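Just below is one structure, and these are the notes that go with it.
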Amino acid sequence: MRDIITIPLTNEESLIIASDNSGGIGMKTEDYVQVSYETVAYYSFRVAAMECIAAGGIPFSVVLHNFCGIDTWCELVKGIQKGLEELNLVEVPITGSTESNFHLQQSAIGLVVLGKKSLSKESEKIFSGDLKFAVIGSPLVGNEVIDQADQVVPLLIFREVSKLEEIMVWPVGSKGILYEFNQMFTNKEFTKEMLSTNLDVVKSSGPATCFIIAFEQNQEEALKKIAAAFYHPITLK
């Protein structure tokens, strides 16, 4: 199952709620990873937005919970806006709150993306031996996200792939590729030995630096063209 909640609104539309959080990453002395707050918010937004879109939702609002300090708000919003621009969603409003009464020793934020999904849009597939698989991007975590930024799949590519018909898109989070494979289908269970690829299938993908796709064989060339060097095929044994 996806890391989202789906709430029916009407006979034609449902609400998609996706979230992410970040702790110990920022510009405070005690933070484990030292990066700008724009970067912190960008990657947190990225996770929630990808989950929402992969579930068939179109984001319409972002809610930010800021525990980094009141002076960081504008920089955090700038990071979210960067992600929205990459997804061509510049009109989406941002709201939220800042903890200003108490000073935390480490940075922390929580972020919620709200989206709407047409009930006619199907985002799930049943596993069959005819499906093909690939990972777009590479699993990265911590300082790797900054040091190996060229291996983080751009949101632009995610946006283009998610527009394609009959393709299942599944962001990879901190539990890794293998874990996410086992969330994709209710009628199939995978082991590490079953997935043949040049990527580490149990490594954390941190802020969704890659995503899995399941597709029909005749779609592979189009996907390779969009993903280019970010495309990593997976063969099932």
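The values are calculated or read from the model by the stated rules, or taken from the named source; none is laboratory data. Please read these numbers as outputs of a predicted model, since none were measured by experiment. Using ideal geometry, Cβ is built from the backbone for each residue, glycine included, and neighbour counts are taken over all protein chains shown.
Just a few scattered comments:
- Looking across the range 83-113, just one residue is surrounded by fewer than 19 Cβ atoms within 10 Å (Cβ to Cβ), touching a Cys at 6+ places or on another chain (Cβ under 9 Å) and either assigned to a strand (DSSP E or B) or free of Cβ contacts under 8 Å to residues at least 24 places away in the same chain (or both), and that is THR98.
- All told, GLY206 meets the bar of being surrounded by 14 or more Cβ atoms within 10 Å (Cβ to Cβ), closer than 26 Å to MET27 by Cβ and not assigned by TED's automatic domain parsing to the domain that holds ILE25.
- Only one of the numbered conditions (1) surrounded by 14 or more Cβ atoms within 10 Å (Cβ to Cβ); (2) farther than 25 Å from PHE45 by Cβ; (3) polar (S, T, N, Q) is violated by THR186, and that is (1).
- Residue that is of a type in the set (D, E, K, R) and out of contact with any Lys or Arg (no Cβ under 6 Å at 6 or more places or on another chain), where the choices are GLU38, GLU12: GLU12
- Given (1) modelled with pLDDT under 95; (2) within 21 Å of GLY206 (Cβ to Cβ), number of the condition VAL62 does not satisfy: (1)
- Any chance ALA222 is in the same structural domain as ILE157 (by TED's automatic domain parsing), of a type in the set (Gly, Ala, Ser) and at positive phi: no
Residues are listed down the side, and each one gets a yes or a no for (1) assigned by TED's automatic domain parsing to the domain that holds TYR231; (2) within 15 Å of ALA54 (Cβ to Cβ); (3) in contact with a Gly (Cβ under 7 Å, 6 or more places away or on another chain):
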residue: LEU140; (1), (2), (3): yes, no, yes
residue: VAL145; (1), (2), (3): yes, no, yes
residue: SER162; (1), (2), (3): yes, yes, no
residue: ASN187; (1), (2), (3): yes, no, no
residue: THR197; (1), (2), (3): yes, no, no
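- Filtering the range 122-166 to residues that are of a type in the set (Val, Ile, Thr) and either without any contact (Cβ under 8 Å) to a residue 24 or more places away in the chain or closer than 19 Å to PRO59 by Cβ (or both) leaves VAL153, ILE157, VAL161.
- Counted residues, the range 1-31 - those being out of contact with any Ser or Thr (no Cβ under 7 Å at 6 or more places or on another chain), farther than 23 Å from GLU180 by Cβ and charged (D, E, K, R): 1
- Among the residues of the range 1-13, those that are in a strand (DSSP E or B), out of contact with any helix residue (DSSP H, G or I) (no Cβ under 7 Å at 6 or more places or on another chain) and either at pLDDT 95 or above or of a type in the set (A, V, I, L, M, F, W, C) (or both) comprise ILE5, ILE7.
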